[in-house]
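*Asks:* Please find one structure pasted underneath; my questions will follow.
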Amino acid sequence: TVQRYRNQCAHLKLIIELHINSGPNKEATTTVINDQSLARLLFVTSKNSPNYSQMMEAVNRMNYISEELFPGLVGEGKDGTGLYEYNHGSNTFNQKLSPACILTEFGTDLNTAQEAKLSAKYLARVIAEYLNK
């Protein structure tokens with residue numbers, strides 16, 4: 001599907017793949033911003049992607065923007081940042097198709113749909129700031 005859209009719209013500046021994770025507890029994947037309970041975001045990258053370095057530039061910039069605008073929106077990956085680097089086997093998700101492909105997890109199966117929907121509007125603002133530099 002992603003490749004078909006890339007073929008139709010070669011001018012795409014960003015491809016966003018949305019996922020939900022499974023989590024240890026809801027407290028770790030939930031935050032409150034503007035008195036709203038939100039599912040925390042996590043950026044997932046694949047070290048096996050041929051686009052890894054370019055993709056990391058985008059993810060690091062979005063992570064920085066998010067922290068500036070909405071502290072706590074992006075969760076903590078294994079290394080304490082808002083990033084989980086996948087390095088298992090040959091799976092690159094769709095990140096092998098474009099350096100402009102980011103995978104974002106919206107909380108876990110413990111978060112509500114409403115928490116994920118509310119997080120989406122904050123991510124949209126982060127993406128807008130990123131694209132408008």
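*Asks:* Relative to the longest principal Cα axis of the chain, at what angle does helix 113-132 sit, 0 to 90 degrees, rounded to 10?
*Replies:* 50 degrees
*Asks:* Quick one: Cα convex hull volume of the range 1-55, Å³ per residue?
*Replies:* 154 Å³
*Asks:* Now a separate question. Give me the percent of the accessible area of the chain that comes from carbon and sulfur atoms, probe 1.4 Å, all protein chains in place.
*Replies:* Carbon-and-sulfur percentage of accessible area, whole number: 49.
*Asks:* So what is the accessible area of the chain per residue, in Å², with the probe set to 1.4 Å?
*Replies:* Here the residues of the chain average 56 Å² of exposed surface.
*Asks:* Can you spot the lysines whose alpha carbon is less than 30 Å from Lys133's alpha carbon? Ignore those fewer than 8 places along the same chain.
*Replies:* Partners within reach: Lys13, Lys47, Lys78, Lys96, Lys117, Lys121.
*Asks:* A further question follows. Taking springs between alpha-carbon atoms closer than 10 angstrom, which of Ala39, Ala28, Ala116 fluctuates most in the Gaussian network model of the chain?
*Replies:* Ala28
*Asks:* Mind checking the angle between helix 52-69 and the chain's longest principal axis? C-alpha axes, 0 to 90 degrees, to the nearest 10.
*Replies:* That helix lies at roughly 30 degrees to the long axis.
*Asks:* Calculated FRET efficiency, Asn132 and Gln3, Cβ-Cβ r, R0 25 Å, to nearest 0.05?
*Replies:* Computed FRET efficiency for Asn132 and Gln3 comes out at 0.40.
*Asks:* Moving on. How fast does the chain diffuse by Stokes-Einstein, in µm²/s, taking the Kirkwood radius from C-alpha pairs at 25 °C and 0.890 mPa s?
*Replies:* 163 µm²/s
*Asks:* Note the full-extension length gain between Glu57 and Lys26 as 0.36 nm times their separation in residues minus their Cα-Cα distance, in nm to one decimal.
*Replies:* That works out to 8.2 nm of additional length.
*Asks:* Please go through the range 1-35 and write out the trypsin sites (Lys or Arg not before Pro) that DSSP classes as loop and that have at most 11 other C-beta atoms within 10 Å.
*Replies:* When the trypsin sites (Lys or Arg not before Pro) of the range 1-35 are filtered for loop state and at most 11 Cβ neighbours within 10 Å, Lys13 remain.
The values are calculated or read from the model by the stated rules, or taken from the named source; none is laboratory data. Just so it is clear, the structure is predicted and the values come from calculations on it, not from any experiment. Heads up, the Cβs are rebuilt from the backbone with ideal geometry, glycines too, and the neighbour counts pull from every protein chain shown. We work out accessible area using only protein heavy atoms, side chains counted, and drop any ligands, DNA or RNA first. Shrake-Rupley method; radii C 1.70, N 1.55, O 1.52, S 1.80 Å.
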